[in-house]
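The values are calculated or read from the model by the stated rules, or taken from the named source; none is laboratory data. Since we're looking at a predicted model, the values are computed, not measured. Reconstructed Cβ throughout: ideal geometry from the backbone, glycine too, with neighbour counts over all protein chains shown. SASA here: full protein model, heavy atoms, side chains in, ligands and nucleic acids out. Shrake-Rupley method; radii C 1.70, N 1.55, O 1.52, S 1.80 Å.
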Amino acid sequence: MAGESVLANEICCRALKGAVQSESITNKEYFLRIIEKKLFSSVNKSKCSDNRSPYCIMVKRIIMGEINWLQFMDNQTILAYDDTAEQVAALHKMLVPARIYWLIDRFFIKGEPCADVGCGIGRDSAWLSEHGYRVIGIDASEGMLQQASQLYPNNFFVQDSLPLLEKQSDSSYMNVLCSAVIMHLVDDQIAIAITNLMRITALGGVIIISFRGTSSKDLRENGKLYSVIDSGRLIALFVQSGAELLHHEVDFQEGRGVEWTNIVFRKLPALVV
């Protein structure tokens, strides 16, 4: 059985490589590293013999053309977080996003369900929980989620990611925090991400978006992507999707020399024609 599992994994990986190499996608080598890592992990070796593991199914969907590459978050960024999860956790534990917490206090609906999209090590999820919110922490990085579960075992975390947030149900949150994550998407994914952030938000719900750029010429810091995001375009896309702009600011953090853009929206009821 073990030999069959390894063989199935090898077939999946070869098929996936063939499919990927036939497409023009961003950072495909990093995507392959993630898939190979998961396919050949000790956990998945025992689950792939019947070709029904999630990764075998993914290969089939890729070959059949059912998966659009824009569904995936930047893979080099995910790997960078996976590889440095402990270091990131040590840094983030010392950082307090006071401005974000102020915005939450001002705009979020107290006591209502909350999604922390891009929760990282779970610091903000834990803060939200301590302040009376029913929160689910969501992140694409397995390494970061492991840190989150260790640091905050009483909180709930799930692996999911922008732009699709496919594990999240429609209209399931009155509060959505998306801090320090949307800049890790490529430009073509921003509109998709906005559609799904709006989808998971209930009518009257509030969305807080926070992002920063980089001075790096290749738009990467330690492997992580920091796309250039036009605030005006972002606001326009949210408004076109049925949101109302509540707040827009630029917050310069002197200690780190970083400029953050913070934007708050409310999801409006659909217009009846």
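Here are a few things to note about the model shown:
- Estimated FRET transfer efficiency when R0 is 35 angstrom, pair ASP105-ALA191 (beta carbons, to 0.05): 0.70
- The stretch 161-273: antiparallel DSSP beta bridges as a percent of all, rounded to 5: 75
- Accessible area per residue in Å² at 1.4 Å probe, computed on the stretch 123-273: 47
- Spin-label proximity, SER169 to the stretch 110-138 - amide N less than 18 Å from point 7 Å beyond Cα toward beta carbon: 112-116, 134-138
- Under the convention that each Lys and Arg Cβ holds +1 and each Asp and Glu Cβ holds -1, the size of the dipole of the stretch 116-224 around its Cα centre is about 160 debye.
- Inter-probe distance in nm under a simple model that places probes 7 Å from Cα toward Cβ, at ALA236 and LEU268: 1.7
- Across LYS167/LYS217; LYS93/LYS217; LYS110/LYS267, pairs whose alpha-carbon gap is larger than 24 Å: LYS167/LYS217; LYS93/LYS217
- Using 0.36 nm per residue and subtracting the Cα-Cα separation, the extra length available between ARG134 and LEU245 on full extension is 37.5 nm.
- The stretch 123-273, accessible surface, carbon-and-sulfur percent (1.4 angstrom probe): 50
- Amide H contacts for VAL135 (H built 1.01 Å from N in the peptide plane; partners 5 or more residues away or on another chain; cut-off under 5 Å): CYS114.
- The stretch 145-241, relative contact order in percent, only Cα pairs under 8 angstrom and at least six apart counted: 29
- Each residue of the stretch 99-109 is assigned a 3J(HN,Hα), and the resulting list reads 5, 4, 5, 5, 5, 4, 4, 7, 10, 5, 8 Hz, derived from the Karplus form 6.51 cos²θ - 1.76 cosθ + 1.60 (θ = phi - 60°), x at Gly and Pro.
- Length released on extending from LEU95 to ASP160, taking residue separation times 0.36 nm less the Cα-Cα span: 21.0 nm
- Cα-projected label distance for GLU259 with ARG220, points at 7 Å along beta-carbon direction, nm: 2.5
- Listed residues ASP82, ASP116 arranged by accessible area, highest first, probe 1.4 Å: ASP82, ASP116
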